[in-house]
Amino acid sequence: MKQFFIKTSLFLILLSIVILILSKFDNLDRAITSNNNIISLQQKSKFDSLDILFVGNSYCYSGIMPSLFDKNNIKAYNLGIATAGPYFYEIVINDYLEFVKSKPKSIFILVSPMTFSSQADNFKVYPIHRYLQRPISNEKIITRYNFEFKYFDFLMKSVKKGVHNLFNWKKGIKSKELMKSKGFLASTIANNDKIIHNSRHLYLPLKKERFNQIKFEYMIKYSNRLRDMGIEIVYYELPTNMLDEYFSEAYTKAYKTALNKLKSRYRFIPNNLSLKNKYFRNIDHLNTVGARIVTHNLIDRIAKNGFIVEKTKSNLLDE
């Protein structure tokens, strides 16, 4: 019996070691992937000495065109990452700051009702911590953000991806288009009844969402740390088409209360546009035509309200 116990224990230890080793290969594809999130995470620090670093979820990378800022003498980069919320914001900004020579003058942080929902910071579906320029282990993520109950899911995701990468890591095709657009992901699709019908089921669970106050407070504390580093923090909203229809009245009320707190502590640019359906690619994401309108509007508001340094503001007003 004792010998059986020893053999079993040794087998389990060896199995655990193999699993952990395989999990470390989950980001082997980082240099050859066509995934826009991974490309942006790997290349972001090549854009140094920025006037504005835009941070947000997929609304950000589908809604803000840095090329239009360039034309107005503002150096900007779009660091939009799918499902990003306060936890994603922290790790991607920290990773960016670690590898640039000069901090950005301003970091513009996106907020929307989605930011504080259970849909945000989806480490399981989007394990971005493994694709940072300085990757973070699953173990550190679950400890930092109290995800201990999800550790097995994280680990198995990494193992599965690691095995896949070991056999397929040379088959990827790295896309350069995202870097030319500085993080912006274009789309010519215009929302229509068919798209709404086929995707509506994905948004219906939002009716049961509860506003995550813990995440909101975490975001405030992290923003305070960035501001203490001498970085101007500006919060902003973007148009999200029909998204508001899918959140409950209680959730919307909590979100508005949170915005009032943000406005009392930080500079804030609320959404002031009501765009037609044709300017969106689906229920809640802008298409390229819509992004162009929104970006021009944002540039104009930045210039008129002094959300950037005076020299840049003067250049804008002279355009």
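Structure above, values below:
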| item | result |
| --- | --- |
| Overall form of region 42-168 per C-alpha gyration tensor (a/c, 1.5; a/b vs b/c) | prolate |
| Antiparallel %, DSSP beta bridges [both residues in the chain], to 5 | 5 percent |
| Karplus-derived 3J(HN,Hα), 6.51/-1.76/1.60, for each residue of region 264-272, Hz, glycine and proline x | 7, 10, 9, 5, 9, 10, x, 5, 10 |
| Ranked by how many other beta carbons lie within 10 Å on average, peptides 94-105, 47-58, 142-153 from highest | 47-58, 94-105, 142-153 |
| Whole-percent pair-distance distribution, where bins are 10 Å wide, for the alpha carbons of region 119-241 | 8, 23, 35, 30, 4 |
| Accessible area per residue, Å², region 32-87 with all protein chains present, probe 1.4 Å | 23 Å² |
| Segment L273-I13, extension gain: residue separation times 0.36 nm, minus the distance between their alpha carbons | 87.8 nm |
| Ranked order, H129, H285 - accessible area, probe 1.4 Å, largest first | H285, H129 |
| Cβ charges +1 (Lys, Arg) and -1 (Asp, Glu), total dipole of the chain, debye | 580 debye |
| For the chain: span of alpha carbons on each principal axis (Å, largest first) | 82, 45, 40 |
| Listed peptides 30-42, 198-210 by packing density, highest first (mean Cβ within 10 Å) | 30-42, 198-210 |
| Globularity index of region 252-311, i.e. its alpha-carbon radius of gyration over 2.2 N^0.38 Å | 1.36 |
| Surface per residue (accessible, 1.4 Å probe) for region 110-149, Å² | 43 Å² |
| For region 215-304, alpha-carbon Rg relative to the globular expectation (2.2 N^0.38 Å, N residues) | 1.23 |
| In degrees, nearest ten, helix 86-98 long axis to first principal axis of the chain (Cα) | 90 degrees |
| Percent accessible area from carbon and sulfur atoms, region 1-154, protein chains only, probe 1.4 Å | 62 percent |
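The values are calculated or read from the model by the stated rules, or taken from the named source; none is laboratory data. Everything numeric in this text was worked out from a predicted model, so none of it was measured. Heads up, the Cβs are rebuilt from the backbone with ideal geometry, glycines too, and the neighbour counts pull from every protein chain shown. Note: accessible area is taken over every heavy atom of the protein model, side chains too, but ligands, DNA and RNA are not part of it. Shrake-Rupley method; radii C 1.70, N 1.55, O 1.52, S 1.80 Å.
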